[in-house]
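Just below is one structure, and these are the notes that go with it.
The values are calculated or read from the model by the stated rules, or taken from the named source; none is laboratory data. Small disclaimer: the values here were computed from a predicted structure and weren't measured. With ideal geometry, Cβ positions are generated from the backbone for all residues, glycine too; neighbour counts draw on all protein chains shown. Note: accessible area is taken over every heavy atom of the protein model, side chains too, but ligands, DNA and RNA are not part of it. Shrake-Rupley method; radii C 1.70, N 1.55, O 1.52, S 1.80 Å.
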Amino acid sequence: MGAGAFENCTSLEEILLPEGMEEIPARAFFRCHSLKKISLPSTLKRIGREAFASPEKPLLPQGVSLEERAFYGASRALEEG
């Protein structure tokens, strides 16, 4: 998968990324407004710039909200376990 691979995809609702995948490139799923569920592999080491950026809302489980600057200054927003 390359940078911007699914950028502006309007019908993609769910993605299941395979084990062994280590990186999601920049803007890979940028502005995929229909995306509701993402399954990330345990082998993932890097998520590129604006990989899931969307002006509507962040991809979070239902009922979870982020307050302003929730991840501000975090060097690693996703931690295993």
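Does PRO58 satisfy the condition of being modelled with pLDDT under 70 and surrounded by 11 or more Cβ atoms within 10 Å (Cβ to Cβ)?
On the way: modelled with pLDDT under 70: yes; surrounded by 11 or more Cβ atoms within 10 Å (Cβ to Cβ): yes.
Criteria met by PRO58.
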From ALA26, ALA53, residue being modelled with pLDDT of 85 or more and open to solvent by less than 90 Å² (accessible area, probe 1.4 Å): ALA26
